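Just so you know, all these numbers are worked out from the coordinates, no wet-lab data involved. All values derive from a computational prediction rather than experimental measurement. Ideal geometry is used to build each Cβ from the backbone, glycine not excepted, and the neighbour counts take in all protein chains shown.
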Amino acid sequence: MGYNQPMRKGLFLVVLLALALAGCQRQALAPTALEKGREKEVLKVQDAVEVLDAMERIPEKSIPPALLGNARGVAVIPGVIKLGYVLGGRHGTGVLLVRTAKGWSYPVFISLSGGSVGLQVGAQSADIVLVFKSTKGIDGILSGKFTLGADASVAAGPVGRQAEASTDAQLKAEIYSYARSRGLFAGVSVEGSVLSVDGGADADFYRAPGVGARDIFSGRDVGRAHPVAEKLRATLKKYTTE
């Protein structure tokens with residue numbers, strides 16, 4: 001059975017439309033010139049922004065503003081995977097920002113890993129947020145591998161806008177840890193986990209081979225930072241302004 005001319009024209013238009021849509025989709029999915037070579041890092045920073053924004057959506061089940069307002073540093077580690085089958089462990093990558101005289105620094109990429117022993121089965125994923133009350137833990141991370149609980153005291157953080165400063169003996173721990181799962185924040189134990197700087201991710205994100213974490217924190221070698229870094233700094237400022 002043949003096709004008449006109107007039908008052929010219709011099919012031709014449909015094919016053209018399909019090809020155009022496919023081209024648009026490929027263009028939308030393809031990384032931009034700003035993202036090429038650092039796609040993973042850009043997505044990681046975007047995820048960190050989403051985690052921070054989640055604090056505003058459920059304020060009564062979130063990190064107390066007073067604690068954030070006095071923070072010397074904040075680490076956001078999205079999608080930390082915790083595995084367990086007798087021998088358990090966790091691993092994830094994220095970013096660390098520190099408070100400077102000029103405001104919040106640009107992000108330094110870090111990794112978190114740790115293990116535990118015990119009867120445990122299963123796997124779970126959660127976003128981890130660490131709030132640093134002093135610079136001791138930050139200095140430790142910059143000096144090399146840093147173990148939470150051993151090199152600086154860490155405690156599961158209080159939750160909610162009404163959390164009082166008397167929590168945990170007047171918040172005497174140096175670092176407070178939180179996990180976000182299913183949209184809710186809760187204090188979590190990460191004692192024994194190791195934090196370290198991911199220099200390779202820093203080099204990719206800032207397009208500066210050999211860039212150091214201290215340089216990034218001081219504002220040096222950040223001229224090629226992806227615009228999403230500014231969004232992260234602005235988001236953190238919004239939630240840590242007293």
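Points worth noting:
- Label positions at residue 234 and residue 207, each projected 7 Å from the Cα along the C-beta direction, are separated by 2.1 nm.
- Estimated inter-spin distance, residue 172 and residue 113, nm [label 7 Å along Cα→Cβ]: 3.4
- Stretchable slack from residue 57 to residue 150, in nm (0.36 nm times residue separation minus alpha-carbon distance): 30.1 nm
- With a cut-off of 14 Å between beta carbons, the residues surrounding residue 95 carry a summed charge of -3, where Lys and Arg count +1 and Asp and Glu -1.
- The residues packed around residue 183, meaning those with a beta-carbon under 9 Å from its beta-carbon, carry a net charge of +4 if Lys and Arg are +1 and Asp and Glu are -1.
- Highest mean packing comes first when the peptides 209-215, 126-132, 63-69 are listed by Cβ atoms within 10 Å, giving 126-132, 63-69, 209-215.
- Set 40/82; 40/133; 172/238; 40/136; 102/136; 61/82 screened for pairs whose C-alpha atoms are more than 27 Å apart: 40/133; 40/136
- Calculated FRET efficiency for the pair residue 101/residue 196, C-beta based, R₀ 25 Å, to 0.05: 0.45
- Neighbour net charge for residue 128 - beta-carbon separation under 9 angstrom, K R +1, D E -1: +1
- Taking the average, over residues, of other Cβ atoms within 10 Å as the packing measure, peptides 178-184, 49-55 rank 49-55, 178-184 from highest down.
- Between residue 39 and residue 81, the modelled labels are 1.8 nm apart [label points 7 Å from Cα along Cα→Cβ].
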